[in-house]
């Protein structure tokens, strides 16, 4: 069982933040997350890292400026997840602001697989593009770029995934993770990279005198899409990414989100005036992803490109319907997986792999995430591809860089993995049919070498105790509106409580009254109806509740241990 721990908080940094004007509680939370100066949490647009620190971005801007000036046809090749969809929409919307002739093409997950493949280049060629721009893909497209080059179509790669040993022979590559790039935020999502390319393009056109007598395009209007893609892709929210997300959320809350996003809020029953990171990651993101998982991400991109409310509403409703179907498929696959793994003992394994021929390739990533969370093991789930291969999606735990682990498997067993790519916490791969057991054994061996036993235990890291008097609606609401995420976790607090009352509500939740230091707190334990002992040490979050005009603070118990 994971242990409740308290994350370190440097006393000197905390004190310095307080002296700089932050309240004690915010100074404590930010210091524990590596913030050293209030400017790091001011999140003003002028604080964004400059575009020119991205390797080759000036060359990319010149390629695009030349294409716009000559009115050459530009074709964006997107990806079928939320980051790829938002990056594609940002590229199309942004380039059209500059007067470009631009269209897009997105692979179908089942038919085409990932990225700029030779098959996608063949489809693209039918549109007679004079420049291909990849978004959220391309860094591993060695064969795809070669196919485009053979047809005389130059390729501008914009991506953020980790490169392999060789780079594609593209006309230009913009990727903060490519060798030699000095951009200090290596955590840009694909949509962030495309946004930066547009910033550089505007600067290039400015240098060419394009705005001597005309106003410059205002790229701030794209920040709502940048925020959504950044959060949905679960990239690390460093200071630069947090600024992008904060600015995008501000546009949503002010009613300036594009029609597609507003429609997605509406079908989800959420208020954009109260937009939060939770909405981006768990409300809008899944509905957008559902198109790429079960159907065709063209539907999602068209929603993001819609400018009138009626069209956006119709597309958003279709995405909502797909998301409901995705939930059903996911629930069935999870039930089947747990049945298969009924005898699985995590104590005997450092990793987990699973495969069933009937599983949907578009949902295996979610299933891998669910199994990883349940068993706290690096997990790879496979489904059968239409081309006879096994398509895999993996999720990792803290301590194991998943792409590096797959790279080690590939080096030790050449030919076992047909192709792979990804990040520290998530990756995709493919195997030849019948090689699942071989991969499972090789992966387990590598994971055993790379993980310490302590990594497998898991911890619930908290910010320690919170004074009784600080449990108020104002703090809870402020915490919910702030930007938290990967690498910048939302605050959890910990304390020992007496359990005064407890009852099951909605058949699967526990409604609680907890007492501490003479104060009583309303609390919830979601999706865990099992009764608690009389005294618990709890890790909990604050929830801001409004009901019948009454504003209250409620505790959300996320984990507990027996109290002393």
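So what's the projected area for the stretch 126-214, the Cα convex hull averaged over all directions, in nm²?
On the way: hull surface 28.9 nm².
Taking the Cα atoms of the stretch 126-214, their convex hull projects to 7.2 nm² on average.
Apply 1/(1 + (r/R0)^6) to the Cβ-Cβ distance of residue 186 and residue 469, taking R0 = 45 Å, and write down the FRET efficiency to the nearest 0.05. All intermediate terms of the calculation are to be shown ahead of the outcome.
Working: r = 41 Å, r/R0 = 0.91.
It comes to 0.65.
Let me understand the stretch 413-484 better: what is its radius of gyration from the alpha carbons, and its Dmax, in angstrom?
21.3, 61
I'm checking a number: the convex hull volume of the Cα atoms of the chain, normalised per residue, in Å³. What is it? Please list the in-between numbers first.
Working: hull volume 95.5 nm³, N = 564.
In the chain, the Cα hull volume divided by residue count equals 169 Å³.
Quick check: the angle from helix 57-69's long axis to the longest principal axis of the chain, C-alpha only, nearest 10 degrees?
Taking Cα atoms only, the helix is inclined about 50 degrees.
Give the calculated FRET efficiency between residue 550 and residue 44 to the nearest 0.05, with a Förster radius of 30 Å applied to their Cβ-Cβ distance.
Values: r = 35 Å, r/R0 = 1.18.
Efficiency, rounded to the nearest 0.05: 0.25.
If you stretched the chain out fully between residue 16 and residue 308, how much longer would it get, using 0.36 nm times the residue separation minus the C-alpha to C-alpha distance?
Stretched fully, the residue 16-residue 308 segment lengthens by 100.2 nm.
For q values of 0.23, 0.24 Å⁻¹, compute log₁₀ I(q)/I(0) with the Debye formula on a Cα-only model of the stretch 226-310, without solvent.
So the normalised log intensities are -1.18, -1.26.
Roughly how far apart, in whole Å, are the Cα centres of the stretch 195-247 and the stretch 341-392?
A separation of 37 Å, based on Cα centres.
Percent antiparallel among DSSP beta bridges with both residues in the chain, to the nearest 5?
On the way: 50 of 76 bridges.
Antiparallel: roughly 65 percent of the beta bridges in the chain.
Tell me what the chain gives for mean residue ellipticity at 222 nm when only DSSP H runs of n ≥ 4 count, each as -39,500 (n - 2.57), the sum divided by the residue total, rounded to 500 deg cm²/dmol.
Values: 18 runs with 217 residues, N = 564.
That comes out to -12000 deg cm²/dmol.
Rounded to the nearest 10 degrees, what's the angle between the helix 436-450 long axis and the longest principal axis of the chain, both from Cα atoms, 0 to 90?
70
Could you please tell me the mean projected area of the C-alpha convex hull for the stretch 1-129, averaged over all directions and given in square nanometres to one decimal?
Values: hull surface 54.3 nm².
The Cα convex hull of the stretch 1-129, projected and averaged over all directions, gives 13.6 nm².
Per 0.36 nm of contour for each residue apart, how much would the distance between residue 282 and residue 218 grow if the chain were fully extended, relative to their Cα-Cα spacing?
Values: separation 64, 0.36 × 64 = 23.04 nm, distance 2.88 nm.
Value of the extension gain: 20.2 nm.
Largest first and in whole Å, give the semi-axes of the stretch 51-320's equivalent ellipsoid, each being the square root of 5 times a Cα gyration tensor eigenvalue.
After scaling each eigenvalue by five and taking roots: 27, 21, 18 Å.
Assuming R0 = 51 Å, can you tell me the calculated FRET efficiency for the pair residue 126 and residue 23, based on Cβ-Cβ distance, to the nearest 0.05?
The calculated FRET efficiency here is 0.30.
Could you state the principal axis extents of the C-alpha atoms in the stretch 463-562, from the largest down, to the nearest angstrom?
Projected onto the principal axes, the Cα atoms of the stretch 463-562 cover 33, 33, 29 Å.
Give me the Å³ per residue figure for the convex hull around the C-alpha atoms of the stretch 283-338. Could you put the intermediate results ahead of the total?
Values: hull volume 3.6 nm³, N = 56.
Dividing the Cα hull volume of the stretch 283-338 by its residue count gives 65 Å³.
For the stretch 341-457, go through all pairs of different Cα atoms, get the mean of 1/r, take its inverse, and jot down that Kirkwood value in Å. Let's see the in-between values first.
Numbers: mean 1/r = 0.0719 Å⁻¹.
After inverting the mean inverse Cα-Cα distance, the result is 13.9 Å.
Restricting things to Cα coordinates, could you compute the convex hull volume per residue of the stretch 406-449 in Å³?
So the per-residue hull volume is 69 Å³.
So what's the stretch 169-288 giving for Cα Rg divided by 2.2 N^0.38 Å, two decimals? If you can, show how the numbers build up before the last one.
On the way: Rg = 16.0 Å, N = 120, 2.2 N^0.38 = 13.6 Å.
Compared with the compact-globule rule of thumb, the stretch 169-288 sits at 1.18.
Every read-out reported here was derived from the displayed coordinates using simple, explicitly stated rules and does not represent laboratory data. Being a predicted model, the structure only gives us computed values, none of them experimental. Note that we place each Cβ from the backbone using ideal geometry, even for glycine, and neighbour counts take in every protein chain shown.
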